[in-house]
Amino acid sequence: MGYSIKDILRMEVAPALGCTEPTAVALAAAAAASLLPERTIDTIELWVDPNIYKNGLAVTIPGTEGECGIDLSVALGALGGDPRLRLEVLAPITRETVKASKALVAKKGVRVHVLEGRCGIYIRVRLQSSTRSAEAVIEDVHDNIVSLSLDGRSVEEHPLLCRTSKCQDSLHALEEWLVELSLPQLISLLDELDADDLAFLREGVEYNVRLAEYGLTVGPGLGVGQTLERLAREGLLKKDMVLAARILTSAASDARMAGVKMPAMSSAGSGNHGLTAILPIWAVKDYVVCDDEDCVLRAIALSHVITAHIKAHTGRLSAICGCSIAAGAGATGGVTYLMGGNHCHIAGAIKNVIGDLAGVICDGAKAGCSLKLATAAGTAVQSALFALHGLDVKCTDGIVADSPEETMRNVGQLCTQGMIETDRTILRIMIQKGFDG
């Protein structure tokens, strides 16, 4: 089956409030809670794969004034989340919800289990009241609710299950199609963009720029974006297109990782991927001759497509930072396209990013992600400029191959086969630090 760019945007790009891993946990809990006549919940039991657990440990939850923890995330979803909002499930929570959720956690009403041998996204939540119990399971994709049950009986034909029971747009089928496409074929998908697609892409820019503006104004989280901007004002750094991309992207991540209650437009299941895929291109537009905003939006569309292509190789979550090698590669492809590069230049830029950033690990979602997004954004722009001036990493270098397609396959092999023990070690170190929710 063939797909279109509209399918890619619909299945891979969506608004998300807060980090997508604890948000997905909250979504599963909210879906289960929606089956209960009343949200009077005595205990919550949660089972997750290691990567969901890793990314839920230390990132701030939106609307909680600085709180974090995967146990609190699941309680918030159960007591106040709206599952109909999917990855914006926590938008309705109030101070009362936070207070009740913290109380439930404090009295040991939430138990979390890590399924150490589980690969891929997996979340199972069981809610128990005095007389009823409800369960929900999410698999493969952060908002893909695959089963619901009430008092041990499966609930069929529920609206929250529509993605799996009624819509046959399988992410696996899309990914199988994507990985077979060559880079010229990926670029040719841009010819299918229509006015609705461009409007959706513009909406994504608006989401992510709002986060960046908040980050620059307030300086939440680690304050990377605001600090870089101050260093430029003081003349300690030069404000060029590389630094502009770093500032805009990291400022948005500062806000998002600090739990600011504003959604990001995600890409390939990650809000930080969405920031990296979109904002470097938006920053670069001010430094090039481009009177047509549609051209910028087309470059962003290419960024989403390349990001999705690489994530189809690597999987949704791994020990390698996807913002660096997936969204970073998408961003460099988009920047190169915006600056008039052909498919050979784009190929070179992708290989440059991967040659530069393939060793960046993912050690969970947290405030420090802003540093990695700053690096990814700046490297994306630098890699594009290098490629446009004839500098490409050669196929004799490490995992970089002769073609971008083979290079991306090598990255996938590194993530899915080579980094399994690394991922376990990262999680073990994080747990030993005591940040276990």
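Per residue, the accessible area of the range 264-384 comes to 22 Å² when a 1.4 Å probe rolls over the protein heavy atoms.
Spin-label model, THR416 to CYS395: label points 7 Å out along the Cα-to-beta-carbon direction sit 2.2 nm apart.
Give me the percent relative contact order of the range 292-372, please, defined on Cα pairs under 8 angstrom at least 6 residues apart. Here the relative contact order equals 34 percent.
For the range 199-347, the convex hull drawn through the C-alpha positions has a volume of 114 cubic angstrom per residue. Less than 12 Å Cβ to Cβ from GLY355, Lys/Arg counted +1 and Asp/Glu -1: what total charge do the surrounding residues give? The answer is -1. Multiplying the residue separation of LYS6 and GLU406 by 0.36 nm and removing their Cα-Cα distance gives an extension gain of 141.5 nm.
When the inverse distances between all different Cα atoms of the range 383-427 are averaged and flipped, the Kirkwood radius reads 12.1 angstrom. In straight-distance terms, cross-link reach from LYS6 covers every one of the lysines whose alpha-carbon lies under 20 Å from its own, apart from those fewer than eight places away in the same chain; here that gives LYS166, LYS311.
Taken one residue at a time, the phi angles of the range 212-217 give Karplus couplings (6.51, -1.76, 1.60, θ = phi - 60°) of 5, 4, 5, x, 6, 7 Hz. Gly and Pro are set to x.
Largest GNM mean-square fluctuation among SER170, SER34, SER253, using the chain with Cα springs under 10 Å: SER170. Between the alpha-carbon centres of the range 122-152 and the range 334-384 there is a gap of 37 Å. With springs only between Cα atoms under 10 Å apart, run a GNM on the chain and tell me which of ARG111, ARG256, ARG316 wobbles the most. Most flexible of the set in this elastic network: ARG111.
Over all other residues within a Cβ to Cβ distance under 11 Å of PRO62, the charged ones net out to -1, with Lys and Arg as +1 and Asp and Glu as -1.
Shown for the range 105-188: the carbon plus sulfur share of the solvent-accessible area, taken with all protein chains present and a 1.4 angstrom probe, equals 48%. Only Cα pairs under 8 Å and 6+ residues apart enter the sum, and on that basis the relative contact order of the range 318-437 stands at 33 percent. Summing Cβ point charges (Lys, Arg +1; Asp, Glu -1) relative to the Cα centre of the range 247-402 gives a dipole of roughly 520 debye. Computed over the alpha carbons of the range 38-187, Rg followed by Dmax gives 17.1, 59 Å. Beyond 18 Å in Cα-Cα separation lie the following of the pairs LYS54/LYS351; LYS366/LYS433; LYS239/LYS285; LYS261/LYS366; LYS54/LYS261: LYS54/LYS351; LYS54/LYS261. How fast does the range 153-253 diffuse by Stokes-Einstein, in µm²/s, taking the Kirkwood radius from C-alpha pairs at 4 °C and 1.567 mPa s? For the chosen part, D equals 73 µm²/s.
Sequentially through the range 334-351, phi angles give Karplus couplings (6.51, -1.76, 1.60; θ = phi - 60°) of x, 5, 4, 4, 4, 8, x, x, 8, 5, 5, 5, 4, 4, x, 5, 4, 5 Hz, Gly and Pro residues having no value and appearing as x.
Largest GNM mean-square fluctuation among LEU302, LEU178, LEU275, using the chain with Cα springs under 10 Å: LEU178.
Fraction of C-alpha pairs exceeding 35 angstrom in the chain: 25 percent, rounded to a whole number.
Converting the Cα gyration tensor eigenvalues of the range 228-305 into ellipsoid dimensions via √(5λ) gives semi-axes, longest first, of 21, 20, 8 Å. Between LYS261 and SER170, residue separation times 0.36 nm minus the direct Cα-Cα distance comes to 29.7 nm.
Once divided by 2.2 N^0.38 Å, the Cα radius of gyration of the range 69-146 becomes 1.13. Protein heavy-atom accessible surface, 1.4 Å probe, per residue over the range 1-77: 25 Å². Considering all different alpha carbon pairs of the range 1-73, the Kirkwood hydrodynamic radius works out to 14.3 Å. Remark on SER147: its backbone amide H falls under 5 Å from those of VAL137, a criterion applied only to residues 5 or more positions apart or on other chains, H modelled at 1.01 Å from N. For the range 229-376, with all protein chains in place and a probe radius of 1.4 Å, 52% of the accessible heavy-atom surface sits on carbon or sulfur.
Amide H to amide H, with H built 1.01 Å from N, LEU237 comes under 5 Å of ALA232, counting only residues 5 or more places away or on other chains. Per atom type, the range 22-89 shows carbon and sulfur on 45% of its accessible surface, probed at 1.4 Å. Report summary: the helix-based calculation at 222 nm, which adds -39500 (n - 2.57) for every DSSP H run with n ≥ 4 and divides by the residues of the chain, gives -16000 deg cm²/dmol. Taking Cα centre as origin and charging only the Cβ of basic (Lys, Arg, +1) and acidic (Asp, Glu, -1) residues, the dipole magnitude of the range 23-160 rounds to 400 debye. Database remark: amide H of ILE361 closer than 5 angstrom to the amide H of CYS321 (H placed geometrically; neighbours at sequence offset of 5 or more, or on other chains; Pro and chain starts carry no H).
The values are calculated or read from the model by the stated rules, or taken from the named source; none is laboratory data. Owing to the predicted nature of the structure, the values given are computational and were not obtained by experimental measurement. As a convention, Cβ positions derive from the backbone with ideal geometry for all residues, glycine included, and neighbour counts pool all protein chains shown. Surface accessibility is based on the protein's heavy atoms, side chains included, excluding ligands, DNA and RNA. Shrake-Rupley method; radii C 1.70, N 1.55, O 1.52, S 1.80 Å.
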